[in-house]
Amino acid sequence: MPGAFALRDVLAGFPGGRVIVAVTSTPFKCPPAPSETALLMHDFLSERGRRDRSSIALVMPMGAPIPPSPAASEALLVAFAERGIEWHPEQMVRELDPGRQVAKLADGGELPYDLFLGVPVHRAPTVVAESGLAVDGWIPVDPLSLETSYPGVYAVGDVTSVGTPKAGVFAEGQAAVVAERISAQIRGTDQSADYDGHGLCYLAFGRDQVARVEVTFLSGQAPVGGLDGPSQELAADKVRFGSSRIQRWFGRSWSELG
């Protein structure tokens, strides 16, 4: 969050130039987010008359923008081509040289930049890493029950090695399973809830267009996903989705957060 607010102030005075959107490690929080950032940066620069003197490059470690959903990946690649966004697959930025203003890639190559928008290295919080539950930085869990190696102890969300993207919608689905299992244990009833690996996310294409990507990650199976949109109707659907989560999680309406 501090980075987002800092970027707001940087963008306000950015005259245009070479923009790099890059992933710096795996896993990272949300597979669609870097693509969204590149597309929204195109809109931002275009609306301010700075796009013609700018370039945008997207650097990601995967061979496709959203590997579980070929349809979403294809739609993004078409959007990149239409907007002149450079696509650098199967690459990661390992280091920045601010003096020379270049990003150093894992394969030894370099990309010059005037503005670098990086997805930071994702790590479990220190309290998790030092808890005794983590192995190689993440907490192993049963992929169906989310139970750790300690009976009655569960882990959900982006601290686990369950194999789903480290995004909030997956944490929400996992938490519902754990809550049902704990409730069943207290009641002495059957613990039938299993995690289905399903989640959805909204993908902003810019130009007031939003798509919805639904994906399923099941242990031992290749992930699968589909695509709806992009459309303006799904942009409204995204607002409703966000509003419902704000109300559910925090008991507040969207307007109260301003």
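Suppose we look only past 19 Å in the calculated P(r) of segment 103-191. What percent of the Cα-Cα pairs does that tail hold? Mind showing how you got there, number by number?
Working: 2036 of 3916 pairs.
Result: 52 percent of Cα pairs exceed 19 Å.
Please report the orientation-averaged projected area of segment 1-125, defined via the convex hull of its C-alpha atoms, in nm². Display every interim value, and only then the final one.
Numbers: hull surface 32.7 nm².
In nm², the orientation-averaged hull projection of segment 1-125 is 8.2.
Binning the C-alpha pair distances of the chain at 5 Å intervals from 0 yields a P(r) profile of 1, 5, 11, 14, 17, 17, 14, 10, 6, 3, 1, 1, 0, 0 %, listed from the shortest bin outward. Counting only Cβ charges, +1 for Lys and Arg and -1 for Asp and Glu, the dipole size of segment 165-240 around its Cα centre is about 220 debye. On segment 101-258, 54 percent of the accessible area sits on carbon and sulfur atoms, based on a 1.4 Å probe. Database remark: amide H of Ser231 closer than 5 angstrom to the amide H of Val210, Ala211 (H placed geometrically; neighbours at sequence offset of 5 or more, or on other chains; Pro and chain starts carry no H). The residues neighbouring Val119, those whose beta-carbon lies less than 14 Å from its own, together hold a net charge of +2 under the Lys/Arg +1, Asp/Glu -1 convention.
Distant-in-sequence amide contacts of Ser55, defined by a placed amide H-H separation under 5 Å and a gap of 5 or more residues or a different chain, comprise Gly17, Arg18, Val19. In this simple spin-label model, placing a label point 7 Å from the Cα along the Cα-to-Cβ direction at both Asp43 and Ala236 gives a separation of 1.7 nm. Stretching the chain fully between Ile186 and Phe5 yields a gain of 60.8 nm (0.36 nm per residue, less the alpha carbon separation). Backbone geometry of segment 86-103 corresponds, through the Karplus equation with coefficients 6.51, -1.76 and 1.60 at θ = phi - 60°, to 3J(HN,Hα) couplings of 6, 10, 10, x, 6, 9, 9, 7, 9, 6, 10, 10, x, x, 8, 6, 10, 9 Hz, x marking Gly and Pro.
Between Arg207, Arg187, Arg18, the Gaussian network model of the chain with springs among Cα atoms under 10 angstrom shows the greatest mean-square fluctuation at Arg187. Say we join alpha carbon atoms closer than 10 Å with springs in a Gaussian network model of the chain; which of Val210, Val128, Val23 then has the biggest fluctuation? Looking only at Val210, Val128, Val23, the biggest GNM fluctuation is shown by Val128.
On average over all directions, what projected area in square nanometres does segment 111-258 have, based on the convex hull of its Cα atoms?
Values: hull surface 52.6 nm².
Average projection, Cα convex hull of segment 111-258: 13.2 nm².
Of the residues Asp237, Asp194, Asp97, the one that moves most in a GNM of the chain with alpha-carbon contacts below 10 Å is Asp97. Distances between placed amide hydrogens fall under 5 Å for Trp87 paired with Leu58, all partners being 5 or more residues away or on another chain. Evaluated with a Cβ-only charge set (Lys, Arg +1; Asp, Glu -1), the chain carries a dipole of roughly 660 debye about its Cα centre, given to the nearest 20.
The values are calculated or read from the model by the stated rules, or taken from the named source; none is laboratory data. All figures in this text were calculated on a predicted structure; none of them were measured in a lab. Note that we place each Cβ from the backbone using ideal geometry, even for glycine, and neighbour counts take in every protein chain shown. Accessible surface is based on the protein model in full, side chains and every heavy atom, while ligands, DNA and RNA are left aside. Shrake-Rupley method; radii C 1.70, N 1.55, O 1.52, S 1.80 Å.
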